[in-house]
Amino acid sequence: MLKARALAAALSILFLLQAVVAPAQKSGSASSYPVPILTVGSGDLIQVSMFENPDLSGSFRVDAGGNIVLPLIGEVQVAGETPDAVGAQVAKRYVQAGILKPESAYATVSVLEYATQGITVNGEVKSPGIYPALGVRMLNDIIAAAGGVTPIAASKVVITHRNDPDQPVTVYYNPSALTPDIAKVQIFPGDSIVVPRAGIVYVVGDVVRSGGFVLDGRQQLTIEEAMALAGGSAKAAALSRVQLVRSMKDGRKEAITVSVKDIYKGKAPDVALKDGDVVYVPTSTAKLVAEQAVTSALGLGTAVTVYRVGIQ
């Protein structure tokens, strides 16, 4: 009797846990975007499968008038209809033509290729353009089809769904290696994807590794951190006369003298950098003026190596 009661209690606890866990699992899977209702359009390729009638089945391209031509019954208007509605209409037409009996007339229709509802990919990808939507696809597949992201891509992707254009969705990811999370994001025909440009700051002059450093878009980068990414200063660097060259809203370049030596010693506040900033580290023997720093900054963008460094 005691064993039976213990078993009953254990089963009760098990059912209770299942009741608690099940809603949590359902809410986790609900994070994916709801599948929109897609209709057939001109140029689409659809597959019609007639139950137990392979001779009446096949793939058919929708013409400019929105029709497909089926065996024995000819043209059927399908544009603007859902695949299920097309299937019902095809079955009805075969019954009306006396070719099939109502009890055996059953058609399933699927869209093999959405020709008029491609997926648009723009921004920092190697091959921007419109890509065919073969049904529902995943974000990482689309980015791969566009050749992958460029070295200056931001760590986020902005997705605009065709049936909800006023609420774009932002997905964060690791541009160097697509994470498992990004593979769960569904992309539908008619959606658009934009990979924004990441912010870049440049550290040039008398440092170990001159170049541009990509900001991840979620954390600030300061002069001290940028100097660390550049490997630090060389032996002859004039750290008390570092020039910060910043682009102004009107297009002008403004040079500000910053004492990195005082920042290192805690005697001066560190300076947060912005997209496009140039940190110019002169040598102690150089005759440095603001105009020289500005001139150096104007040639940046293609003349230096761009590094993507993860900022913790």
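The values are calculated or read from the model by the stated rules, or taken from the named source; none is laboratory data. Everything quoted here is computed from the prediction, not taken from an experiment. Heads up, the Cβs are rebuilt from the backbone with ideal geometry, glycines too, and the neighbour counts pull from every protein chain shown.
Residue count for the range 172-200 under the criterion of being over 25 Å from V214 (Cα atoms), modelled with pLDDT of 85 or more and surrounded by fewer than 19 Cβ atoms within 10 Å (Cβ to Cβ): the result is 1.
Could you tell me whether T108 is in contact with a helix residue (DSSP H, G or I) (Cβ under 9 Å, 6 or more places away or on another chain) and at pLDDT 90 or above? Judged against the criteria, T108 is a match.
Just one of the numbered conditions (1) surrounded by 12 or more Cβ atoms within 10 Å (Cβ to Cβ); (2) at pLDDT 90 or above is not true of S296: (2).
Within the range 75-87, which residues are in a helix (DSSP H, G or I) and buried (at least 16 other Cβ atoms within 10 Å of the Cβ)? P83, V86, G87, listed by residue number. Restricted to the range 110-151, and to residues there that are among the acidic types (D, E) and under 28 Å from I46 (Cβ atoms), the residue that is surrounded by the fewest Cβ atoms within 10 Å (Cβ to Cβ) is D141. Restricting to the range 238-256, and then to whatever is of a type in the set (D, E, K, R) and in a loop (DSSP other than H, G, I, E, B), can you tell me which residue is surrounded by the most Cβ atoms within 10 Å (Cβ to Cβ)? Here the answer is R252. Across the range 138-151, the number of residues qualifying as at pLDDT 85 or above and assigned to a loop (DSSP other than H, G, I, E, B) comes to 4. Considering only residues in the range 92-140 that are of a type in the set (F, W, Y) and touching a residue at least 24 places away in the same chain (Cβ under 8 Å), the one that is farthest from N53 (Cα to Cα) turns out to be Y114.
Given the criteria touching a Leu at 6+ places or on another chain (Cβ under 6 Å) and within 22 Å of S284 (Cα to Cα), does V245 qualify?
In short, no.
Going through (1) of a type in the set (A, V, I, L, M, F, W, C); (2) at pLDDT below 90; (3) over 20 Å from Q186 (Cα atoms) one by one, V90 falls short only on (2). Residues in the range 142-158 that are under 23 Å from L112 (Cα atoms) and under 10 Å from the mean Cα position of the chain (by Cα): 2 in all. Give me the pairs, please: first residue somewhere in the range 42-56 and assigned to a strand (DSSP E or B), second residue anywhere and of a type in the set (D, E), beta-carbon distance under 7 Å, and either six or more positions apart or on two chains. From residues that are assigned to a strand (DSSP E or B), the pairs are L45/E113. Set side by side, the residues V208, V204 differ, and just one is modelled with pLDDT of 90 or more, buried (at least 21 other Cβ atoms within 10 Å of the Cβ) and not assigned by TED's automatic domain parsing to the domain that holds S155, which is V204. Considering the range 152-171, and only residues there that are among the hydroxyl-bearing types (S, T, Y) and surrounded by 16 or more Cβ atoms within 10 Å (Cβ to Cβ), the residue that is modelled with the highest pLDDT turns out to be T160.
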